[in-house]
Amino acid sequence: MRRYLTPLLFLSPASALILLFFFTPVVATLLLSFTDLSTTTFRHPSWVGLANYQDLLTDPFLKKILANTAKYVGLTLAFNVGMGLLLALLTSLVPENWGDPFRALWLLPRILPPVVYVFIWQGLLAEAPMGLVSDLLGVSKNWLVEAPWTAVILANGFVGASFGMLIFTSAIRAIPRELFYAAAVDGATTGQTIRRVVIPMLAWPILFVTAYQTLSLLTSFEYILLLTDGGPGFYGTEVWSLHAYHLALSNYFGNVEFGLGAAMAAVLVVIGVIVSLFYLKIFNFRALVTEPKIEV
Amino acid sequence: MTKGTGVRLERLTKRFGRVVAVRELSLEVAPGELVAFLGPSGCGKTTTLLMIAGIYRPTAGHVYFGDRRVDPLHPRDRDVGMVFQSYALYPHLNLFENIAFPLRLKRVPADQVRRRVRETAELLGIGGILERRPAQVSGGQQQRAALARALVKEPQVLLLDEPLSNLDAQIRLSARAEIRRLQRELGVTAILVTHDQAEALAMADRVAVFSMGELQQYAPPDELYHRPKNTFVAGFVGSPPMNLIEGEFTGDGFRAGGLRLALPKAPTGRGWLGVRPEHLGLGPEGLPARVLVVEPLGREAIVIVELSGHRLQVLVPEDEKPAPDAEVRIAFPTGALHYFDAKGRRIGPE
């Protein structure tokens, strides 16, 4: 027992934070999802068992919304990780005084307030004479209605790609210079060096960015809310988290349904956990973890 | 395996901005020879090696492998193998794939890859651990794997950048002999970069001593030791280093402060008198001096003495070492002195 005392002592501050701010809310959400707590029942909520989950399952738009969510997360993720990697590689290949300003440009969407950023997109995609895209293509259309998915994915992707770009760039810079020399002497072209040396060495950051962005894309809906509000038409770009917001927190009846919202959030947590486990498996997490340098 | 090709450097210069890393370097390495580039850090030896490998483009000058001019070529078209100080093994590949890497890039058929990797690994005694990753083997084994990767493609020229300096002292000595044996057996031309003069003297056929980006002397080890071309080489080669005393040659002697030596056929003018610690004698004859420090080395001891205001190192057998503060007499061997002029260039004796 004494043997574990010191490690436990060192782990306790972080554990306390995790318990308080991560574990407790999950339990609270689960408990809440089994009640009918809402604005009208706020003083006297009652246990309703799985009723909220039943409501979700019988939602006629369930399939559509799940499909939308998969499409949104999958495509945006592919854009974010792929573009991030491409940007990191390209800006690492050129001299630093070229690469750094270029990377800084890609950070602009991230530091812009989302509302302003989305206004810019709406302006770009509007009909002529307002819309730049209409002007350039010579076809005056509201492209937000014509190609809502492209707009949603690009608007999110231009913000998201810089995250991967930053992580991958620093990972590439951490690769010892001598490995590049060795690859060149061994006969590798630049392409072969990237494919056979750099990308395999980025396995851990790629896993991290993929997992992290999957989870944040599953739960983020502010850009879709501002850009299309789930439209055009009936749930054209409505994703799970936006649906939760619409259904539970911003419905026509003004009745905020906390219980139903919690049930939807709980489903998202389960999906997130499953997806994370899947990533850890395919990236062979154990092989990526090195033994700690500190001995206890 | 193949016989190596000669390497010729012709007025090779490398500038980084305003800094001249290597200046007008010309030297030739014979086929099958092992040459050491020796010097302190920042002297340009590694820069020169990277220009030979093709990692750096020379600012001016040319590199030839035999009759082939290679300085405009990419490293992959030069047919060199290289071992780095950090070994630079690919951490995500096991030792087999690390060694196979150059062959895979050349699209050598799989069965040949397997055979050649096995052969080279056996030659280096790492045949049994090819499935392990670099992080799972010792430093000595990593070094062997790096050497195997450099040799597996049977290069014309083998470049070794401080390959031994990350090894433990004991393994280093055996690795020295091992590399020398392999290099002789394979007949590959090799260039070894090192800051360790003992390593250079022990391993190389010829040693090129560098300082401040310039070649100081290029000679076989014993010539470097017995006839250093200038005070830099005299002070850098040999351990403990040569004693150098600044003073005045008078034609029939040497004066430095209170120190006066009678030297028949001495030059004239200001300059440096050099004498190796092992050539100075402690005994009943000679000039009176006082012992400051005694450093026992086991078989021998370094005795630091003060002689007329000059500090000199004397190497004596362990059982003859004096006590600190003892009064001793120092005998100068007239046959083993070195004369340098005021600029440090060797002027005698012939």
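Every number in this text was worked out from the coordinates using simple rules, so none of it is lab data. Note that the structure is predicted; figures quoted are calculated from it, not measured. Every residue, glycine among them, receives a Cβ derived from its backbone with ideal geometry; neighbour counts consider all protein chains shown.
Some points to look at:
- Residue by residue along A:184-197, Cβ atoms of other protein chains within 10 Å of the local Cβ number 6 on average.
- Local electrostatic count, A:K141, Cβ distance below 13 Å [Lys/Arg +1, Asp/Glu -1]: -3
- Protection-proxy order for peptides B:259-271, B:181-193, each taking the mean of Cβ atoms within 10 Å per residue, highest first: B:181-193, B:259-271
- Percent of Cα-Cα distances greater than 21 Å, calculated over the stretch A:62-237: 56 percent
- Distances between placed amide hydrogens fall under 5 Å for B:L34 paired with B:A190, B:D205, B:R206, all partners being 5 or more residues away or on another chain.
- Radius ratio Rg over Rh of chain B, counting only Cα atoms, Kirkwood formula for Rh: 1.06
- Other residues whose C-beta falls under 10 angstrom from the C-beta of A:G259 contribute a net charge of -3, scoring Lys and Arg +1 and Asp and Glu -1.
- Backbone phi angles across the stretch B:196-208, fed through the Karplus curve with coefficients 6.51, -1.76 and 1.60 (θ = phi - 60°), yield HN-Hα couplings of 9, 5, 5, 4, 4, 5, 6, 9, 8, 6, 9, 10, 9 Hz in residue order; Gly and Pro are listed as x.
- Cβ neighbours within 10 Å from other chains - mean over B:77-89: 4
- Over chain A, dividing the summed -39,500 (n - 2.57) contributions of all DSSP H runs of at least 4 residues by the number of residues returns a 222 nm mean residue ellipticity of -21500 deg cm²/dmol.
- Using the Cα coordinates of chain A, the gyration tensor eigenvalues translate into equivalent-ellipsoid semi-axes of 38, 33, 15 Å, sorted from longest to shortest.
- Among the listed pairs B:K229/B:K321; B:K45/B:K321; B:K229/B:K265, those whose Cα-Cα separation exceeds 29 Å are B:K229/B:K321; B:K45/B:K321.
- Hits among lysines - C-alpha to C-alpha of A:K71 under 19 Å, sequence gap 8 or more where chains match: A:K63
- For the protein assembly as shown, a simple Cβ point-charge model (Lys and Arg +1, Asp and Glu -1, everything else neutral) yields a dipole of about 940 debye relative to the Cα centre.
- Cβ-Cβ FRET estimate between B:Q170 and B:R114, R0 fixed at 25 Å, reported to 0.05: 0.15
- Mean separation of Cα contacts under 8 Å, 6 or more apart, over the residue count of the stretch A:62-237: relative contact order %: 31 percent
- Relative contact order of the stretch B:247-309, taken over Cα pairs closer than 8 Å and 6 or more residues apart, is 26 percent.
- Taking a straight line from the alpha carbon of B:K343, these aspartates and glutamates sit under 16 Å away, with near neighbours fewer than eight places off in the same chain left out: B:E214, B:E246, B:E248.
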